[in-house]
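Student: Structure provided below as structure tokens; questions to follow.
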Amino acid sequence: MTKLRTGVKNKVLVGVFGKTGAGKSSLINAILGEPNCLPNGANISACTSVMIQVEANMTNYSYEAEIEFISKKEWEDDIKSHQDVMSDENDNKNEELVRVATAKIQAFYGKYGVGKSLKDLMKGEHFREIPEFLSPTNTVKMISCGTASELSGKIACYTRSDNKMEVKHYWPLVKCVTIKVPNTKELLEHIVLLDLPGTGDCNKTRDNMWKSHLSQCSSVWIVNDIQRAASEREPWMILESSFSYLIQGGECENITFICTKTDDINPKNYLGSPVLKNTELHLDLEKKGAAERKRGCIQHRNEQAKIMLGERFNDEVVKKKPFIQMEKIFQVFTVSAEEFQNDENPILEQEQTEIPQLKQVLEDMNERHSKTAVKDYISGVYGILSLIKAANSNDSTMVEMKSNMYQLLKDSLEEQLSTITSLMTKHYNDLKKLLSEGVANSKKSCLQIAKEKVITPEARKDGRGYHRTLSSLCRNKGFCRSTNGDITDLNKTLAESMYAAINEKFAVIFPNAGTTGESIYKKICNFSIISDNMAKEWENTPMSLYLMFLTTEENFLKDKLKRDVLLRKKVIYESLTDEVQIIMCPCYEEASKISGKGTLKKTQELLVKHIDSSKNPMFDNAQKKMLEGFENLREYIEQTLRTELLESLKRSLKTPNSLSLPGK
């Protein structure tokens, strides 16, 4: 019973992407029915700068925020990095990184902080208002308010970059903010909305947290202004660079593109465009009143956006990544948060804003998770009660039957385990062959790929400012999110040929959505030591009660294993990148110390030299690590099933008849 109570499933994460100004905060506020919950862009200079998690407050009716800070050491390292950027005398200074560094220092210390020394900036007097930051044990600040507006006002300085705010900004020191909203049980009891910043700042802690949370997202929302939704390249670049963290190295099952601000349209200009001028739509809407004409334009543009985005997804994702069966799990919503919350003369009806439909998606997701949790708990309790009833029905004639059933099920366990061994051995051999091909290709092409995509990319041929981007990447062990949200990962780039070799097979073994005939997930789902013939033979006898208990034990164990396989799958997939990073780390450390004139060239030469001299052990180790991870997974599955089910068999069928159990 204790196992059942503690066996609550993890919450479902929905990642919300979008560049600054796309309307993410307004969208989430509209869904929550709280116009002022998340601070939004009333000021065009403001933007969300930290990761925000939104979930239901299930304990009271307050609006609460948990603000988690980075460590003092991490902030000190951050300042050192920013001071290096700002003091750089190189002619090829990266002005964008200088702007980011200056903004972060000034946000917390004020405009005079830029010229101060590291020692002055780390004095305790600067952190008096946030003692949690200096605490060695409690690094989380709690804020509780009676209204959403009040909470929004209090957390703005912890979440947003806004040069118009006169108060001190603390967001540079914040790792993550969790907002808990009351009265949202039907929407968010089992769901967490993850508002991901549209920009990066090359902060190691936030970058690592960003990657970690990304791999946990079951669903992803890409938010963009409808006027740029189909034409803008940036959201697709972010999606493409994030794909391996979401899919192969994550658990994402669907991708939703959300076009915002659909009410922002000029009917005269829209209908007068060359594409629509003098068309049937144009002529028909010109006869309508102003409100109806605008509504018609909005609906027509929404329909066109859905068609174009569907085609774009097919071109950008489906065709480029045929090993991922995602055609049926891409959808588009065209929403207007403004119209949804407009109580005075709205142009659109509530349903036409598509906010209700988006809320329904969350409610359905939440309900499925809730029903599954309840079903599993009730099933588990029923199994335990069946065992109690069976034990209290024992008599001398059942001793032999229990003994026979024990042996039959024990033999069946080994037989079923052998089918898992057979399948996973086949997968292991296939992976080994593909990895060997990937290793050979990597050794030949890794240097060229790394040069073209990261070290000396064509787009950066002139070298202006790129040395600082490269330096930031080296300080972060090969990974960096730029100020426009784009991802650069040298470790994954080096392993690109190995991933290309295994991706198709990996998707067969570990599919995110549904199952394949050869997937480990399906094998676990179908696993059972109780055959149909056995269940039929013992039907309507006291022995069926033991089978009922064992069935619930099996189901509980299989659910646990499926979750464990998903977590281990991520580790296995990322093991290639992790091993590359281990080999590259000494080089990254040395490169991060290079400064002054010629920094870019020296850093590039160092990276090239290290990659060329280390590529053989780098890729050999990566192959070995992935295969070890897969073999360990096989052993874990087999050992867990054998150990746990043998214990269940003993608990149910080896219990002495004289043992007193509750129930009578």
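The values are calculated or read from the model by the stated rules, or taken from the named source; none is laboratory data. Worth saying up front: this structure is predicted, and the values here are computed from it rather than measured. So basically every Cβ, Gly included, is an ideal-geometry build from the backbone, and we count neighbours across all protein chains shown. In case anyone asks, the SASA skips ligands and DNA or RNA and just uses the protein heavy atoms, side chains included. Shrake-Rupley method; radii C 1.70, N 1.55, O 1.52, S 1.80 Å.
Student: For the stretch 174-270, which strands (runs of 3 or more DSSP E) that fit wholly inside it have 3 or more residues that are closer than 23 Å to THR372 by Cα and in contact (Cβ under 8 Å) with a residue 60 or more places away in the chain?
Tutor: 191-195, 217-225
Student: Quick one: how many residues across the stretch 337-350 are in a helix (DSSP H, G or I) and either open to solvent by less than 30 Å² (accessible area, probe 1.4 Å) or farther than 22 Å from VAL16 by Cα (or both)?
Tutor: Count: 3.
Student: Tally time: how many residues in the stretch 115-153 are open to solvent by 80 Å² or more (accessible area, probe 1.4 Å), more than 15 Å from VAL174 (Cα to Cα) and part of a loop (DSSP other than H, G, I, E, B)?
Tutor: 5
Student: Could you please give the count of residues in the stretch 536-590 that are closer than 16 Å to ALA622 by Cβ, aliphatic (A, V, I, L, M) and open to solvent by 20 Å² or more (accessible area, probe 1.4 Å)?
Tutor: Summing the residues that are closer than 16 Å to ALA622 by Cβ, aliphatic (A, V, I, L, M) and open to solvent by 20 Å² or more (accessible area, probe 1.4 Å) in the stretch 536-590 gives 3.
Student: ILE611: closer than 14 Å to ASN491 by Cα, touching a Ser or Thr at 6+ places or on another chain (Cβ under 9 Å) and buried (at least 18 other Cβ atoms within 10 Å of the Cβ), yes or no?
Tutor: no
Student: Which one of GLU251, GLU234 is within 27 Å of ILE355 (Cβ to Cβ), within 21 Å of the chain's Cα centre (by Cα), among the acidic types (Asp, Glu) and at pLDDT 85 or above?
Tutor: It is GLU251.
Student: Identify, please: which residue in the stretch 76-106 is open to solvent by 30 Å² or more (accessible area, probe 1.4 Å) and of a type in the set (A, V, I, L, M) and is, among those, modelled with the highest pLDDT?
Tutor: ALA103
Student: For the stretch 7-53: of the residues being at pLDDT 90 or above, β-branched (Val, Ile, Thr) and assigned to a strand (DSSP E or B), which is surrounded by the most Cβ atoms within 10 Å (Cβ to Cβ)?
Tutor: Result: ILE52.
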